[in-house]
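Take a look at the structure below.
The values are calculated or read from the model by the stated rules, or taken from the named source; none is laboratory data. Since the model is a prediction, treat every value here as computed from it, not as a measurement. Glycine gets a Cβ as well: all are built from the backbone with ideal geometry, and neighbour counts include every protein chain shown.
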């Protein structure tokens, strides 16, 4: 491995350490209670190293929420293609449930700290999240074409609320049981069952 490649890899690893540290600390303490020095200590990097990756704490928050919103949209779009509408919906529910069980810190950060985003970053996150919602709405309306867009949107937002409450309510001691319960309840909330 040449020196440039090694430096690039180390830089990427430090950046990832900072993102993970920010995710943990913002979720535990809230954005305003965390300093850049706290982030450096949690990530085990020097103070100046933080600023080589992120210009500010706000930039780090934006990076977290934009990245997860992009991931949801990309992965959700992929799961809505090339299978039946009902299968797409089951895949979307399973994907979002996995996200809620795996990335609960990011859900907490979205809930508590979205208002701390710069206006332009908040618009970007909102746009990406609306697009993700519309992926679900389109699939649900393919299953039931009698649903109006507004009703379909309300149903999907209710399902998001149900699944996204997991970080606040589930113990996570038995992840598979929690997953089954959430997936069944999500389909039930949409008026569907596992057998279409």
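Below is a table of values for the structure above.
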read-out	value
Search result, residues across segment 19-52 that are touching a helix residue (DSSP H, G or I) at 6+ places or on another chain (Cβ under 6 Å), under 17 Å from residue 103 (Cβ atoms) and free of Cβ contacts under 8 Å to residues at least 60 places away in the same chain	21, 22, 25
Selection within segment 114-148 - within 24 Å of residue 99 (Cα to Cα) and outside any helix (DSSP H, G or I)	117
Whichever residue in segment 164-196 is surrounded by 13 or more Cβ atoms within 10 Å (Cβ to Cβ) and more than 15 Å from residue 95 (Cα to Cα) and, among such residues, is modelled with the lowest pLDDT	170
Criterion (buried (at least 19 other Cβ atoms within 10 Å of the Cβ) and within 18 Å of residue 11 (Cα to Cα)) met by exactly one of 73, 65, 39	39
Listing of helices (runs of 4 or more DSSP H) fully contained in segment 1-95 that carry 3 or more residues being under 20 Å from the mean Cα position of the chain (by Cα) and under 30 Å from residue 163 (Cβ atoms)	3-29, 57-79
